[in-house]
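Accompanying notes for the structure given below.
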Amino acid sequence: MKTNEELQKDVQNAIQWEPLMHAAEIGVTAKDGIVTLSGTVDSYSKKINAENAAKSVLGVKALAENITVNYGTSFVKNDTEIAKEVLDSWKTSMSIPEDKVSVKVEKGWLTLEGEVEWYFQKENAGTSLVNLPGVKGVNNQINVRSTSKDTIELKDVEQALNRSWAINPLDIKVEVKNNGVKLMGMVHSMYQKEEAERLAWNAPGVSSVENDLAVIY
């Protein structure tokens, strides 16, 4: 088991290796597997990169994020301009049904709402905005509601997990009920936990995923 100091150093190194990141921008503390990130960055994409880097480190069980996005006085974009660019961005994506989703912008923070048939549509609606100038944060509240009337096949979820190099499907127990999936077992990083959930969502007909995976190391 890593000491708090070792975990802190590993997260700092992971962030430092991210493109365009400066280690001095992000403060890192670690205690009992809980990592806290703090600091100020000049883009939302840097904030996301720092979070993802921390989640990938072995030993990180939970992440507390206190990173602030500040574009500075030289870059000013009002909420109306940001909202227009969000909608324009969605129009260029074949995977985002723009007639099914909407956005609210408040001081650079985006709240996404609506209902889509597939999880990847919800995911793409949010990730497509990461590099949009002026965005300070994204709260993705889009619901996934499958139109499939067939119940989920356990083998479809298990096959989805088997296709990933990043996780060991033998560590994960899957339960299905109607259009819901429940994941149980143990993984070794927050990244693996989130990846397992993402893969489960990709199975045909899934409308909900309950992720009870424990992060251990």
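Remarks
- Calculated from backbone phi, Karplus (6.51, -1.76, 1.60) coupling profile of region 28-43 in Hz, x at Gly/Pro: 10, 10, 9, 8, 6, x, 9, 10, 10, 9, 9, x, 10, 10, 9, 7
- Neighbour counting of Cβ atoms within 10 Å sorts the residues Trp118, Trp90, fewest neighbours leading, into Trp118, Trp90.
- Under a 5 Å amide H cut-off, with hydrogens placed 1.01 Å from N, Val60 pairs with Met190 among residues at least 5 apart or on other chains.
- Amide proton proximity set for Leu37, modelled H, under 5 Å, gap of 5+: Ala64, Glu65, Asn66
- Trp109 long-range amide H proximity, modeled H, under 5 Å: Lys136
- Karplus (6.51, -1.76, 1.60) ³J(HN,Hα), θ = phi - 60°, over region 188-197, in Hz, Gly and Pro reported as x: 10, 7, 5, 4, 4, 5, 6, 5, 4, 5
- Straight-distance candidates among the aspartates and glutamates for linking to Lys77, with alpha-carbon spacing under 15 Å and chain neighbours fewer than 8 residues away dropped: Asp42, Glu85, Glu106.
- Inter-part distance, region 43-65 to region 110-177, computed on C-alpha centroids, equals 19 Å.
- Ellipticity at 222 nm from helices only: DSSP H runs of n ≥ 4 in the chain, each -39500 (n - 2.57), divided by the residue count, give -9500 deg cm²/dmol.
- Global form of region 105-217, assessed from the alpha-carbon gyration tensor, a/c cut-off 1.5: oblate
- In nm, spacing of pseudo-spin labels at Trp17 and Thr29 (7 Å Cα→C-beta vector): 2.6
- Region 201-217 - phi-based ³J(HN,Hα) in whole Hz, Karplus 6.51/-1.76/1.60, Gly and Pro as x: 4, 6, 5, x, x, 6, 10, 8, 9, 9, 9, 9, 5, 9, 9, 10, 7
- Full-extension gain in nm, Asn162 to Lys61, via 0.36 nm per residue minus C-alpha separation: 34.0 nm
- The alpha-carbon positions of the chain define a convex hull whose volume is 124 Å³ per residue.
- Which listed pairs, of Lys55/Lys177; Lys46/Lys155; Lys61/Lys122, have C-alpha distances above 31 Å, in listed order: Lys46/Lys155
- Among the listed pairs Lys100/Lys136; Lys47/Lys107; Lys100/Lys173, those whose Cα-Cα separation exceeds 25 Å are Lys100/Lys173.
No lab work stands behind these numbers, since they all come straight from the coordinates. Please read these numbers as outputs of a predicted model, since none were measured by experiment. As a convention, Cβ positions derive from the backbone with ideal geometry for all residues, glycine included, and neighbour counts pool all protein chains shown.
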